[in-house]
Amino acid sequence: MVVHVCERAQESGARTVAVATDDERIFRAVEQAGHRALMTRNDHPSGTDRIAEAAALLGLKDEEVVVNVQGDEPLVAPEVIRDVALTLERNPESSMSTVCHPIHDEASLSSPHVVKVVLDAAGYALYFSRSRIPYPREAGGVCYRHPGIYAYRTGFLKKFSTLTPSPLEQTEALEQLRALWHGYRIPVFITAVEMPPGVDTPQDLEAVRKMLA
């Protein structure tokens, strides 16, 4: 699964692709497939904290853009990875960016495994939740799915790992809420590319296996 993610990341045009892990099995699988792997600590409270360590290990400069593609998204589209990076580059005042797409099915709207995001008038994130937001009290409205992909400036990654985890982050188990809690704005690219399912459950894994077959 992680090797598939590496291949998608390479197709995006990224200059460097590396897997940050604390698991020897993943490390070996990635290296055996010819990709680069980095062993990181096993006590990170979030994936972003792990990426901060990986950026330090790679010796990246503060202004460089890092895209965090989670290892459970083997069907992620290369153009989405590219769009997340470009969104951050186009917003020099921002420290991180992400992407979303409209949700069209009721199962996704009600699933806590599908993260939702609401935006302000300028396209910045107001809130992320595992609950359905906005709630359709009246007819109409659009709900957006937020897949687990972010772009960061390396300098912000260093700072992020020092920020106090927020109560909202701990309640929802969504690390991006730490950035919002501390006042950082997150521009969100609305893509027409509907993200295929990630792998959060055994049922998801079976569905992705069928798609790849």
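The values are calculated or read from the model by the stated rules, or taken from the named source; none is laboratory data. What you are looking at is a predicted structure, and each value in this text was computed from that prediction instead of being measured. Neighbour counts run over all protein chains shown; Cβ positions are idealised from the backbone, glycine included.
Annotations
- Taking residues in segment 88-105 that are under 16 Å from residue 198 (Cα atoms), and partners anywhere that are part of a strand (DSSP E or B) and charged (D, E, K, R), the pairs with Cβ atoms closer than 7 Å and at least 6 places apart or on different chains are 100/145; 101/145; 103/145.
- Of all residues in segment 177-197 being without any contact (Cβ under 8 Å) to a residue 60 or more places away in the chain and outside any loop (DSSP other than H, G, I, E, B), the one that is surrounded by the most Cβ atoms within 10 Å (Cβ to Cβ): 177
- Failed criterion for residue 153 (all others in (1) basic (Lys, Arg); (2) free of Cβ contacts under 8 Å to residues at least 60 places away in the same chain; (3) closer than 27 Å to residue 49 by Cα hold): (2)
- Among the residues of segment 50-80, the ones that are hydrophobic (A, V, I, L, M, F, W, C), in contact (Cβ under 8 Å) with a residue 40 or more places away in the chain and part of a helix (DSSP H, G or I) come to 6 in all.
- Segment 129-146 - residue that is touching a Ser or Thr at 6+ places or on another chain (Cβ under 9 Å) and in contact (Cβ under 8 Å) with a residue 24 or more places away in the chain and, of those, surrounded by the fewest Cβ atoms within 10 Å (Cβ to Cβ): 130
- Any hit, segment 159-176, residues being modelled with pLDDT of 95 or more and crowded, with 20+ Cβ neighbours inside 10 Å: no
- Of 175, 194, all but one fail to be closer than 19 Å to residue 45 by Cβ and charged (D, E, K, R); the exception is 175.
- Residue 83 being among the acidic types (Asp, Glu), under 18 Å from the mean Cα position of the chain (by Cα) and not in a loop (DSSP other than H, G, I, E, B): yes
- Residues of segment 92-122 satisfying the condition of being surrounded by fewer than 16 Cβ atoms within 10 Å (Cβ to Cβ) and assigned to a loop (DSSP other than H, G, I, E, B): 92, 93, 104, 105, 112, 113, 120, 121, 122
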